[in-house]
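In what follows, a single structure is set out as structure tokens and then discussed.
The values are calculated or read from the model by the stated rules, or taken from the named source; none is laboratory data. Predicted, not measured: the structure shown is a model, and the values here were computed from it. For neighbour counting, all protein chains shown are included, and Cβ atoms are generated from backbone atoms with ideal geometry for every residue, glycine included.
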Amino acid sequence: MMEEALRLEFNDWARAGRGESMERGHRPTGEQAIKLMNLQPDSRVLDLGCGSGWASRLIADRVKSGRVVGLDISDEMIALARQTSTRYPNLTYEVGSAEHLPFADGEFTDAFSMESIYYYEDMVGALGEVHRVLAAGGLFVAVIDLYQENEPSRQWIEQLKIPVKFLSVAQYHELFKVAGFVDCQDQRLLDPTPIDKNYSGGSFSTREDYLKHKQAGSLMMSGRVKA
């Protein structure tokens, strides 16, 4: 079962300390996306695929009179997130799947996903669930580094031990629309962090590939529930 495979894989990531490395890699564009969401102090926000909780904590700092729930398929990532979020009274975490969200209809005003959407086996079902738990006028923002227009990111597919979806911007627009979202938009977020001049491989085969990846930017997809 795909959900169990995801749980086991990300539990391995948690034990290997990859929560911290994911924060370092994704935070520069994640912060930009969260700022662009224009969250209000009383917003109720769902962070999908929250991992170690770094984005959930950034959001919680912005919605001090609101509520944030971080959700992840990995119980060990959630345990780590809880351990590092004890000073946030407005933030809770739950283990669960984006394809079967354990929340009521219209429970949230906003939803955020950082580098998790392409892991969903049933993407239409998952996006439909996000749409269901958002209130009228609610906003969903997803940041995606693995997409067709960012050609160097294709290298990650063989590196990952679990299947992922490698879609185009146009395909993401279609998925959002099929799930019921309106006012669907896309934009690119650029990470200003410099690349080590001695970079010799890791996530990318060459420094040139890494540079091209940064120049293409992270895809930020957004859509709203009809008011």
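Tell me which of these I59 doesn't satisfy, since it passes every other one: (1) assigned to a helix (DSSP H, G or I); (2) in contact (Cβ under 8 Å) with a residue 60 or more places away in the chain; (3) closer than 24 Å to M123 by Cβ.
Exception for I59: condition (2).
Go through the range 64-135 and tell me which strands (runs of 3 or more DSSP E), entirely inside it, have 1 or more residues that are of a type in the set (K, R) and more than 17 Å from the chain's Cα centre (by Cα).
Numbers: elements: 67-72, 91-95, 108-114.
Result: 67-72.
Evaluate the range 206-218: report whether one residue or more is aromatic (F, W, Y) and over 18 Å from G30 (Cβ atoms).
yes
Among the numbered criteria (1) touching a His at 6+ places or on another chain (Cβ under 6 Å); (2) at pLDDT below 95, which one does A179 miss?
The one condition A179 does not meet is (2).
For D75, are the conditions met, namely being in contact (Cβ under 8 Å) with a residue 60 or more places away in the chain, surrounded by fewer than 23 Cβ atoms within 10 Å (Cβ to Cβ) and in contact with a strand residue (DSSP E or B) (Cβ under 7 Å, 6 or more places away or on another chain)? It would help to see each step written out before you state the result.
Values: in contact (Cβ under 8 Å) with a residue 60 or more places away in the chain: yes; surrounded by fewer than 23 Cβ atoms within 10 Å (Cβ to Cβ): yes; in contact with a strand residue (DSSP E or B) (Cβ under 7 Å, 6 or more places away or on another chain): yes.
It is true that D75 is in contact (Cβ under 8 Å) with a residue 60 or more places away in the chain, surrounded by fewer than 23 Cβ atoms within 10 Å (Cβ to Cβ) and in contact with a strand residue (DSSP E or B) (Cβ under 7 Å, 6 or more places away or on another chain).
Could you tell me which of the residues S56, S97, S85, S43 is closer than 27 Å to L167 by Cα, modelled with pLDDT of 95 or more, buried (at least 20 other Cβ atoms within 10 Å of the Cβ) and of a type in the set (S, T, Y)?
Numbers: S97 fails: modelled with pLDDT of 95 or more; S85 fails: closer than 27 Å to L167 by Cα; S43 fails: closer than 27 Å to L167 by Cα.
Exactly one of S56, S97, S85, S43 is closer than 27 Å to L167 by Cα, modelled with pLDDT of 95 or more, buried (at least 20 other Cβ atoms within 10 Å of the Cβ) and of a type in the set (S, T, Y), namely S56.
P152 fails exactly one of the following numbered conditions: (1) under 22 Å from L36 (Cα atoms); (2) in contact with a His (Cβ under 7 Å, 6 or more places away or on another chain); (3) surrounded by fewer than 22 Cβ atoms within 10 Å (Cβ to Cβ); (4) not aromatic (F, W, Y). What is the number of that condition?
Checking P152 against (1) under 22 Å from L36 (Cα atoms); (2) in contact with a His (Cβ under 7 Å, 6 or more places away or on another chain); (3) surrounded by fewer than 22 Cβ atoms within 10 Å (Cβ to Cβ); (4) not aromatic (F, W, Y), the one that fails is (1).
Hey, among the residues in the range 205-227 that are more than 26 Å from L134 (Cβ to Cβ) and over 21 Å from the mean Cα position of the chain (by Cα), which one's surrounded by the most Cβ atoms within 10 Å (Cβ to Cβ)?
D209
Can you name the residue in the range 186-204 that is surrounded by 13 or more Cβ atoms within 10 Å (Cβ to Cβ) and polar (S, T, N, Q) and is also farthest from R154 (Cα to Cα) among such residues?
Q187
Those residues that are part of a helix (DSSP H, G or I), surrounded by fewer than 20 Cβ atoms within 10 Å (Cβ to Cβ) and modelled with pLDDT of 95 or more, I need them from the range 15-40; list them, please.
Once the filter is applied, which keeps residues that are part of a helix (DSSP H, G or I), surrounded by fewer than 20 Cβ atoms within 10 Å (Cβ to Cβ) and modelled with pLDDT of 95 or more, the range 15-40 yields E31, Q32, K35, L36.
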